[in-house]
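For reference, the structure discussed in these notes is given below.
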Amino acid sequence: MNVNDTVNEIKTHQNGHTTANSLMPSMHEEVFREPLILGNPSLHDITEKIASIPTLTPNLKFLLTLFVFASMAGWGLFCMGYTIMTGIGVWGLNNPVGWGWDITNFVFWIGIGHAGTLISAILFLFRQKWRTAINRSAEAMTLFAVLCALIFPLLHTGRPWVAFYWLTPYPNQMQMWVNFRSPLVWDVFAVSTYGTVSLLFWYIGLVPDLATMRNYVKSKLAAKLYTTFSLGWTGSMRHWHTYEVAYMILAGISTPLVLSVHTVVSMDFATSVLPGWHTTIFPPYFVAGAIFSGFAMVMTLLIIAREVVDLKSFITLKHLDNMNKIILATGMMVGYAYAMEFFIAWYSGNPYENSVFINRATGDYAWAYWTMVSCNVISPQIYWFKKMRRNIPVMFVMSIFVNIGMWFERFTIISTSLHHDYLPASWGYYSPTWVEISIFTGTIGIFFTLFLIFAKYVPMIAIAEVKSVLPGSQPKHHDNH
Amino acid sequence: MSTKPIAVLGNYKDPDLLITAASRIRESGYKDFDIFTPYPVHGLDKAMGVKRTILPYISFGGGIFGLANAIFLIWWTGADHYKLNIGGKPLFAFQFSIPVMFELTILLTAISTFLGLWFLCGLPKWYSPLQNDKGFMSAVDNTFVVGIMATDQRFSLEATKKLMTELGADDVRLVQE
């Protein structure tokens, strides 16, 4: 029983008390796995650390960052107003390229959101305890990304003030309804469901933490707000029982939902007859790409957040390492999809398919294509090395690369397929105007502004969930193992 | 200020002790008691004898309602109320309805789960008589607070306090209105 003795010893050393039975699987986990939270904090330390963030006066670094992003957002909002007042003629869209940066940005932002749901729902179902430190911020990211995404199709309609009855089955005077045979309508349902479910899931997770905040903050107004939104949560175990079931159900339905959302987005393209769009690989390809880009964005945000808000003991290198592994895996899936698209284009023997793909890699937009390939397929390969997966500057640069690469993937799919189709006489080229560029940077501004406000005033780490995975926080002998 | 007793509270720090205490309280015949914890403690609901929640049925009902609505909406708007022939495609078919059917099922499941959760918990309720107790709020921070309510049939100030102390609770105290 040598091994067990050793286990016992380490266990004693770590937790300060001896346990007789060393054969339980949970103990092996505790002994041999890297701790999820560094510094062995007590329950109160965790409350103190997270709940104190909103009570501190914002520092100059925070205000300056907020100012920069809010300015970007402001300028973007101005350009949106300009577009609405003037019409989308101020964009660079033309015939044949009727979808440009607007739809690219829409797909980009929707994709970003997917990592949040993956972390909060799918990793929950897989019992990945490490998700507890990052799920709250990833879910918030999802919400803000969906919000940014919604702006684009709305503006793209040209007359957003009547878009309500174009997009939703709203009983109007003409007694006309939306066309449910159109994937664009499916998209409206998919994205709005996604936004709503993400919001509910996020809020349910927040309630116990808001209750903790309620008792912590000093300011009267803040206390009132946290009290209101915490709904009078007391931490009753009878409530927790229902709560955990609700959490499980939401995780269970969010999982197929998140897969369906990008599937439906990809159908906007795949159900058309355009070479380059009309392929069955699109749904899985888009979903993998969405998770890939989303994780890159979570990475960007968390690397900044753990520096600025000092959360290094919660968001550890282990968390970042795990996410980098997912980036590597999904990056390879995306790479496989790029290769398979080419293969099928050749294998189909269809000259139009062939020419579209050759044009993608060698034509007018080849620069975009190769940016995409180098950012998405080649650069993540450094994550085969553990040293690189745990190197902060490397992963920060990498996360930006992947963001850029995934933006270009959408741009490549949309623009290269449109600018050359069947008739050479109607070939064209598209480049964005300053208005389109400003609106995109505006959404980046909106996204980061909202995220900064969130990080400051809402518990950014799921306090209750982190406490529940703390070593020694759960009873040692119960039958739920 | 009247002095009507509301509950006897006791604190715990150790989850194992808590589980034992919970099952002992239940075995002593108490029904109206609760444990307030900063995070869900695995197995505690079982030890307390909490009945399985009916929430999944509410969620399922919501899902079915969403699905039925989706089918009706698509069929009625497209194939009954305003028939619009687009490229000779069928006015209604399940094939093209599946995405919207799926999304509305999920949407209504989520909304009913959300509402059902708060309904079953009796929330929002911004006042709890227990909040008169200073230590009660530490339940959302770092303490397990066991409370045996005065409304319980077996409640008697002395015996309940004694039981709680025997079960290893710290700071056993009475909360009054």
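List of remarks:
- The apolar share of the surface of the range A:129-221, taken as the fraction of accessible area on carbon and sulfur atoms (1.4 Å probe, ligands and nucleic acids excluded), comes to 69 percent.
- Taking amide H as placed 1.01 Å from N in the peptide plane, B:I6 has its amide H under 5 Å from the amide H of B:V175, B:Q176, B:E177, each at least 5 places away in sequence or on another chain.
- Within the straight-line cut-off of under 15 Å between alpha carbons, the aspartates and glutamates reachable from A:K456 are A:E48, A:D209, A:E307, A:D310, sequence neighbours fewer than 8 places apart in one chain being disregarded.
- Ordering B:V100, A:G87, A:M248 by Cα displacement along the dipole of the protein assembly as shown toward the positive end leaves A:M248 in first place; charges were set at the Cβ atoms of Lys, Arg (+1) and Asp, Glu (-1).
- Solvent-free Debye calculation, one equal scatterer per alpha-carbon of the range B:55-121: log10 I(q)/I(0) at 0.20, 0.27 Å⁻¹ equals -0.75, -1.04.
- The range A:306-365 versus the range A:182-220: alpha-carbon centroid distance in Å: 29 Å
- Electrostatic bookkeeping for B:R154 treats Lys and Arg as +1 and Asp and Glu as -1; over the other residues with beta carbon under 11 Å from its beta carbon, the sum is -1.
- Partner chain coverage, peptide B:71-79 - average Cβ within 10 angstrom: 3
- With contacts taken as Cα pairs under 8 Å and at least 6 residues apart, chain B reaches a relative contact order of 52 percent.
- Formal net charge of residues neighbouring A:I110 (Cβ-Cβ distance under 12 Å; K, R +1; D, E -1): -1
- The range B:34-92: trypsin sites (Lys or Arg not before Pro) falling in loop per DSSP and having at most 13 other Cβ within 10 Å: B:K51, B:R52, B:K83
- Within 10 Å of the Cβ of each residue in B:123-134, the mean number of Cβ atoms contributed by other protein chains is 3.
- Within 10 Å of the Cβ of each residue in B:41-50, the mean number of Cβ atoms contributed by other protein chains is 5.
- Partners of B:K125 within straight-line reach, counting lysines whose Cα lies under 16 Å from its Cα and excluding those fewer than 8 residues away in the same chain: A:K224.
- Gain on full stretching of the segment that runs from B:I71 to B:F119 - 0.36 nm per residue minus C-alpha separation: 14.5 nm
- Area projected by the alpha carbon convex hull of chain A, averaged over all directions, nm²: 27.2 nm²
- Between the helical axis of A:237-270 and the longest alpha-carbon principal axis of chain A there is an angle of about 20 degrees.
- About the Cα centre, charge dipole magnitude for the protein assembly as shown (Lys/Arg +1, Asp/Glu -1 at Cβ), debye: 720 debye
- Accessible area of B:D171 in the full protein assembly, 1.4 Å probe (Å², nearest 10): 100 Å²
- Using C-alpha pairs below 8 Å separated by at least 6 residues, the relative contact order for the range B:55-121 is 57 percent.
- Chain A, relative contact order [Cα under 8 Å, separation at least 6], %: 29 percent
- Filtered chymotrypsin sites (Phe, Trp or Tyr not before Pro), the range A:67-175: DSSP coil and at most 13 other beta carbons within 10 Å: A:F126
- Within the same chain, lysines fewer than 8 places from A:K386 are excluded, and of the rest, those with a Cα less than 29 Å from its Cα are A:K11, A:K129, A:K312, A:K318, A:K325, A:K467.
- Probe 1.4 Å, protein heavy atoms only - accessible area per residue of the protein assembly as shown in square angstrom: 44 Å²
- Members of A:K49/A:K218; A:K218/B:K134; B:K46/B:K161 lying beyond 18 Å, as alpha-carbon distances in this model show: B:K46/B:K161
- Distance between modelled label sites at B:L157 and A:L125, nm, 7 Å Cα→Cβ extension: 5.5 nm
- The trypsin sites (Lys or Arg not before Pro) of the range A:81-150 meeting both criteria, a DSSP state outside H, G, I, E and B (loop) and at most 14 other C-beta atoms within 10 angstrom of the site's C-beta, are A:R127.
The values are calculated or read from the model by the stated rules, or taken from the named source; none is laboratory data. Not measured: the values here are computed from a predicted model. Note that we place each Cβ from the backbone using ideal geometry, even for glycine, and neighbour counts take in every protein chain shown. In case anyone asks, the SASA skips ligands and DNA or RNA and just uses the protein heavy atoms, side chains included. Shrake-Rupley method; radii C 1.70, N 1.55, O 1.52, S 1.80 Å.
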